[in-house]
Amino acid sequence: MLSFDSHSPAETERFAEELASKLKGGDVLAFKGGLGAGKTTFVRGLARGLGSQSEVSSPTFALVHEYSCTPPLCHFDMYRIHTFDDLYSTGFFDYLDSGGILAVEWSENIDGALPPETITVTITSAGEEQRRIAVEGGEGRF
Amino acid sequence: MKILCLDTSAKTASAAVVEDNRILAESSVNTGLTHSQTVMPMMEGMLSAAKISLQEIDLLAVSHGPGSFTGIRIGIGAVKGMAQGLRKPCLGISTLEGLAYNYRGLDGFVCPVMDARCGQVYTALFQGKDGTVLRLREDEALPIAELETVLAELPEAVTLVGDGAELCFRTMNGKEKLRLAPPQMRLQRASSVGFAAEEMLKTASPLAPGDLMPVYLRLPQAERELLKKEGNAPQRKDDAHVGTGK
């Protein structure tokens, strides 16, 4: 397990940017952490680390944002996903086969559908701006 | 009657032209789920190599599901659009029936299975007999264990076809009555969709492009499976979307 104490959103973003170099196509990152934990900030760092110039925002309404980089980054928000049919119609299972990296916010909602080799990123608040970030899984890459 | 057929319901994208029980042209790509980029150039290339113009096509057939959500929409969208532009009728064929038609002409039970994820499959049951393909069970989504029970009751060997065939064969291993379709007969082929369409046209009328619709099968195990680990769901209040910037 890799753990990191962040003192600001900027630090979280930098941490994610560095982590991106250790990711490969097909990886699924499942985020855990409540509203305002910094999940989207983390994904913003990932996107930059993978070479995307796109603006990163939470896909609350679109459910999935795709950022063009190599490999492509697919950013999900499962906040409104409650059933298997919901999940199916986001195209989640197709994205799993697409060779891209999947970053999944509110992954708690789809726990039963995550592949066994999923990398879990848990972000816990430790103060106004402080966050503890724990990265688990990834077959010893981190 | 020339039928232009398309199947993009899973990882393979396949296009074909069939006419009176013959395959005039067929093309398949299985290198990743990029059907939105693949199918149009693939069809164009196939038609041009076969010197068949779109105007010669009498009907368009497409596998309408079940299968990949994105894939089915691409197939339906492509066929709908072309049929509309060409002012030709079209026809939707069950993906599973199309798979069973890979075995047309061979006797025996054929069970198409597509991986629906989380231990579930889209499946149906057919029997090849005297050159025809008889349907024994409707398309449905089932947990693999339930399908195993269904297949165990069959009096003879059954052949598994489709992208879930290997998964089921492995999960149900040790059952001597199971056969795994060889690679060249296992996955979607547009020509099989075309032959199923030819058969269907004997009793059914073709559709106007506007009436062609995807057929998604609902998965029975919905919510319980999704939230598998108990107490793991995020605490959610009805007003959580308000005032939090979410």
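State whether the residues of segment B:132-149 include one that is buried (at least 19 other Cβ atoms within 10 Å of the Cβ), modelled with pLDDT under 95 and more than 17 Å from the chain's Cα centre (by Cα).
So far as segment B:132-149 goes, yes, one or more of its residues are buried (at least 19 other Cβ atoms within 10 Å of the Cβ), modelled with pLDDT under 95 and more than 17 Å from the chain's Cα centre (by Cα).
Aliphatic (A, V, I, L, M), surrounded by 17 or more Cβ atoms within 10 Å (Cβ to Cβ) and modelled with pLDDT of 95 or more: does that describe B:ALA208? I'd like the intermediate steps shown before the answer.
Details: aliphatic (A, V, I, L, M): yes; surrounded by 17 or more Cβ atoms within 10 Å (Cβ to Cβ): no; modelled with pLDDT of 95 or more: yes.
Judged against the criteria, B:ALA208 is not a match.
Exactly one of (1) at pLDDT 95 or above; (2) buried (at least 18 other Cβ atoms within 10 Å of the Cβ); (3) assigned to a helix (DSSP H, G or I); (4) touching a helix residue (DSSP H, G or I) at 6+ places or on another chain (Cβ under 9 Å) is unmet by B:GLU198. Its number?
So the condition that B:GLU198 fails would be (4).
May I ask you to verify whether B:VAL150 is touching a residue at least 24 places away in the same chain (Cβ under 8 Å), assigned to a helix (DSSP H, G or I) and farther than 19 Å from B:LEU226 by Cα? Before the answer, list the steps.
Working: touching a residue at least 24 places away in the same chain (Cβ under 8 Å): yes; assigned to a helix (DSSP H, G or I): yes; farther than 19 Å from B:LEU226 by Cα: yes.
Yes; evaluated as a whole, the condition is true for this residue.
Go through (1) at pLDDT 90 or above; (2) in contact with a helix residue (DSSP H, G or I) (Cβ under 6 Å, 6 or more places away or on another chain) and name the single condition A:GLN53 misses.
Against the list (1) at pLDDT 90 or above; (2) in contact with a helix residue (DSSP H, G or I) (Cβ under 6 Å, 6 or more places away or on another chain), A:GLN53 comes up short only on (2).
Could you please let me know if A:PHE61 is among the hydrophobic types (A, V, I, L, M, F, W, C), closer than 24 Å to A:ASP111 by Cβ and at pLDDT below 95? Before you say what the answer is, go through the steps one by one.
Details: among the hydrophobic types (A, V, I, L, M, F, W, C): yes; closer than 24 Å to A:ASP111 by Cβ: yes; at pLDDT below 95: yes.
For A:PHE61, the condition - among the hydrophobic types (A, V, I, L, M, F, W, C), closer than 24 Å to A:ASP111 by Cβ and at pLDDT below 95 - is met.
Which of (1) within 27 Å of A:ARG131 (Cβ to Cβ); (2) polar (S, T, N, Q); (3) surrounded by fewer than 16 Cβ atoms within 10 Å (Cβ to Cβ) is the odd one out, the single condition A:THR70 does not satisfy?
(1) is the only condition that A:THR70 fails.
Are any residues in segment B:22-54 within 20 Å of the chain's Cα centre (by Cα) and not aliphatic (A, V, I, L, M), and if so, which ones? Step through it out loud before you land on a result.
Pass one, segment B:22-54, residues within 20 Å of the chain's Cα centre (by Cα): B:23, B:25-40, B:42-43.
Result: B:GLU26, B:SER27, B:SER28, B:ASN30, B:THR31, B:GLY32, B:THR34, B:HIS35, B:SER36, B:GLN37, B:THR38.
Let me spell it out: the conditions are (1) surrounded by 15 or more Cβ atoms within 10 Å (Cβ to Cβ); (2) outside any loop (DSSP other than H, G, I, E, B), and B:ASP163 meets all of them except one. Which number is the exception?
B:ASP163 satisfies every listed condition except (2).
Out of A:THR40, A:THR60, which single residue is crowded, with 19+ Cβ neighbours inside 10 Å and either under 18 Å from A:ASP77 (Cβ atoms) or within 13 Å of chain B (Cβ to nearest Cβ) (or both)? Outline the logic, then answer.
Values: A:THR60 fails: crowded, with 19+ Cβ neighbours inside 10 Å.
Just one listed residue meets the conditions, A:THR40.
Examine segment A:42-54 for a residue that is farther than 22 Å from A:GLU136 by Cα, more than 16 Å from the chain's Cα centre (by Cα), part of a helix (DSSP H, G or I) and of a type outside the set (A, V, I, L, M), and state whether such a residue exists.
No, because not a single residue in segment A:42-54 is farther than 22 Å from A:GLU136 by Cα, more than 16 Å from the chain's Cα centre (by Cα), part of a helix (DSSP H, G or I) and of a type outside the set (A, V, I, L, M).
Can you name every residue in segment A:106-124 that is away from chain B (no Cβ under 14 Å) and outside any loop (DSSP other than H, G, I, E, B)?
Within segment A:106-124, the subset away from chain B (no Cβ under 14 Å) is A:117, A:119, A:121.
Those that are away from chain B (no Cβ under 14 Å) and outside any loop (DSSP other than H, G, I, E, B): A:ILE119, A:VAL121.
Quick one: how many residues across segment B:56-106 are surrounded by fewer than 20 Cβ atoms within 10 Å (Cβ to Cβ) and within 25 Å of B:THR159 (Cβ to Cβ)?
3
Check B:ASP107, B:ASP115 and return the single one that is acidic (Asp, Glu) and farther than 17 Å from B:GLN188 by Cα.
Numbers: B:ASP115 fails: farther than 17 Å from B:GLN188 by Cα.
Matching residue, one of B:ASP107, B:ASP115: B:ASP107.
Name the pairs: first residue in segment A:88-104 and facing chain B (nearest Cβ under 7 Å) and under 13 Å from B:GLY67 (Cβ atoms), second residue assigned to a helix (DSSP H, G or I) and among the polar types (S, T, N, Q), Cβ to Cβ under 8 Å, at least 6 apart or on different chains?
A:GLY91/B:THR70; A:ASP94/B:THR70
Across segment B:200-217, what is the number of residues that are closer than 12 Å to B:ILE3 by Cα and either among the acidic types (Asp, Glu) or touching a Cys at 6+ places or on another chain (Cβ under 9 Å) (or both)?
Initial filter on segment B:200-217 (closer than 12 Å to B:ILE3 by Cα): B:201, B:206.
Keeping just the survivors that are either among the acidic types (Asp, Glu) or touching a Cys at 6+ places or on another chain (Cβ under 9 Å) (or both) gives B:206.
Total satisfying the criteria: 1.
Here are some residues: B:LEU6, B:LEU86, B:LEU24. Which one is touching a residue at least 24 places away in the same chain (Cβ under 8 Å) and touching a Leu at 6+ places or on another chain (Cβ under 7 Å)? I'd like the intermediate steps shown before the answer.
On the way: B:LEU6 fails: touching a Leu at 6+ places or on another chain (Cβ under 7 Å); B:LEU24 fails: touching a Leu at 6+ places or on another chain (Cβ under 7 Å).
Only one candidate qualifies: B:LEU86.
How many of the residues making up segment A:9-48 are among the charged types (D, E, K, R) and either touching a Pro at 6+ places or on another chain (Cβ under 8 Å) or in contact (Cβ under 8 Å) with a residue 60 or more places away in the chain (or both)? Full working, then the answer.
At the first step, the residues of segment A:9-48 found to be among the charged types (D, E, K, R) are A:11, A:13-14, A:17-18, A:22, A:24, A:27, A:32, A:39, A:44, A:48.
If we keep only those that are either touching a Pro at 6+ places or on another chain (Cβ under 8 Å) or in contact (Cβ under 8 Å) with a residue 60 or more places away in the chain (or both) too, we end up with A:22, A:24, A:27, A:32, A:39.
Qualifying residue count for the region: 5.
The values are calculated or read from the model by the stated rules, or taken from the named source; none is laboratory data. Not measured: the values here are computed from a predicted model. As a convention, Cβ positions derive from the backbone with ideal geometry for all residues, glycine included, and neighbour counts pool all protein chains shown.
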